[in-house]
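Comments concern the structure below.
The values are calculated or read from the model by the stated rules, or taken from the named source; none is laboratory data. If you're wondering where the values come from, they're calculated on a predicted model, not measured in any experiment. Because the Cβ atoms are built from the backbone with ideal geometry, glycine has one as well, and the counts that use them run over all protein chains shown.
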Amino acid sequence: MPPSDTHDNDRPQGVGGEDLIVFDQVVKRFGDLTVLDHLDFSVSPGERVTLIGPSGSGKTTILRLVMTLEKVTEGMIWIGGKPFSHMPRGSGFTPASESYLRSRRKSIGMVFQQFNLFPNMSVRKNIIEAPVNVLGTPKEEANAHAEELLDLVGLGDKIDAHPTQLSGGQQQRVAIARALAMRPEILLLDEVTSALDPELVAGVLDVLREVAETTDITMLCVTHEMSFARDVSHRVLMFDKGRIAEEGHPDQMFNDPRHERTQAFLKSVLENGN
Amino acid sequence: MWDFQFTYEAMPDLLSGILTTIQLTLIGYSIALVLGLLVAVVRRTPIIGGIVHFVMEFIRTTPLIIQVVFVFLMTPADISAFTVGVVVLGVHYAAYTAEVYRSGIEGVAKGQWEAARALSLSTGRTWGAIVLPQAIRKVIPALGNYLISMFKDTPLLFAIGVTELLTQAQRVGSESFRVVEAYTLVGFLFLAVSVPSAIIIRRLEKRYAAV
């Protein structure tokens, strides 16, 4: 765990002080629409960063870029001190090839808003599919790990169920277990409770709190659950129009936001009952 | 009057004809199922996909009987009419099954591809374990309909002399001048196969429609 006495813009320093994720002047455009506009930011190992901001401000795009579901338009992303969106060629860089990305993204996991469990597989198969076929984990070991993870998310008795037999909250907890089964260094959480009925949200957030407490996985989290953001994150980034409008420690950000965009955003979120 | 004696005597020939018809259908359908799937997947690649798409469009917009006769005339004489017939039938129907598979593949949610990518699954694994099982399940009823359709198209191979049911009927009918009996029996034999197949396909449809 990074030190907890960090405030304002002092980022907690991880092992060796080296940043795990670095966005260097990243631009992302979809056609004429600029979603990220020369964005610079970095995340330390073990750090939990929450991204907030109005919809369309580019938060989810950041996660999708790190997961390689999207490609940068300009700029570069570095992960673990090595180029990620690009690969070295000659004295410069060239956009990363599929095989380069495949080798690099194994250490990154993502949980989606819509769960995206594989409906044609049991819960067990969903969880062991990637460890067995990507990491080459022996089946017995993968099974044992799956059982452990399902216990962690409180669904030990659902291992042979099919996703369609589970509630949304249960499906999302399986999706968390599935992402953790790859033993990721980085976990990306993309509005993981937005598609859930209100009474199911707490169960999912409790699981994530537990993950945050018991592991040192670096977490990047897009959420509208402000109390969750306050509990788990070391730093909150407020996005507006593809740039960071304000960043800081959650206490400062939520109690004493300085930027008027942050103030307006937090006000609207709180009024919507979140 | 209906000639029962003729019916009795013609039966062995007609049954051997329908056996050939069933063989043609099963082999041709297998080709259509496998080739159509291949086409549906390859069509998603940039350049080769475009070429394959063009060829399949061409096949779908020209009559089967012309394809059959054309290919038969263009192939060396030592390749049997049965082989030519079954391959042309299979390739022709692959153009249709490919469309069916394509709709199934497009029906798989984008999130499934993204989840597979987020788990770093290989392209082969993504197709084989995630996308195709979901896509195929959805299109089983539509694929089944093409089985019956193909079965009903096999008499076209009469044109190149495959001794399927219609050819046999024509032969025994003209030898004995009992044409009415011969063709009526053809109709009944087709019914005898089609109806049970349709019932089986409808059951499959019910079973898979629920998911």
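Worth pointing out:
- A single entry from B:120, B:16, B:103, B:80 fulfils the requirement of being in contact with a strand residue (DSSP E or B) (Cβ under 9 Å, 6 or more places away or on another chain) and either at pLDDT below 95 or closer than 30 Å to residue A:129 by Cα (or both): B:120.
- The set of residues from the range A:104-116 being surrounded by fewer than 22 Cβ atoms within 10 Å (Cβ to Cβ), among the charged types (D, E, K, R) and facing chain B (nearest Cβ under 8 Å) comprises just one member, A:106.
- Scanning the range B:61-92 for residues that are surrounded by 12 or more Cβ atoms within 10 Å (Cβ to Cβ) and not β-branched (Val, Ile, Thr) returns B:64, B:67, B:70, B:72, B:80, B:81, B:82, B:85, B:89, B:90, B:92.
- Residue identified as within 14 Å of chain B (Cβ to nearest Cβ), not in a loop (DSSP other than H, G, I, E, B) and not charged (D, E, K, R) among A:237, A:208, A:220, A:200: A:220
- Residue B:132 away from every other protein chain (no Cβ under 14 Å), assigned to a helix (DSSP H, G or I), over 30 Å from residue B:10 (Cβ atoms) and at pLDDT 90 or above: no
- Test: residue in the range A:117-124 that is more than 8 Å from chain B (Cβ to nearest Cβ), buried (at least 18 other Cβ atoms within 10 Å of the Cβ) and basic (Lys, Arg): yes
- Some residue of the range B:95-102 being in contact (Cβ under 8 Å) with a residue 40 or more places away in the chain, more than 28 Å from residue B:18 (Cα to Cα) and within 14 Å of chain A (Cβ to nearest Cβ): no
- When residues of the range B:135-176 are limited to those that are under 18 Å from residue B:207 (Cα atoms) and of a type in the set (Gly, Ala, Ser), the one modelled with the highest pLDDT: B:135
- Any hit, the range A:129-136, residues being touching a Pro at 6+ places or on another chain (Cβ under 7 Å), closer than 18 Å to residue A:173 by Cβ, within 14 Å of another protein chain (Cβ to nearest Cβ) and modelled with pLDDT of 95 or more: no
- Residue check for residue A:71: under 26 Å from residue A:216 (Cβ atoms) and modelled with pLDDT under 95: no
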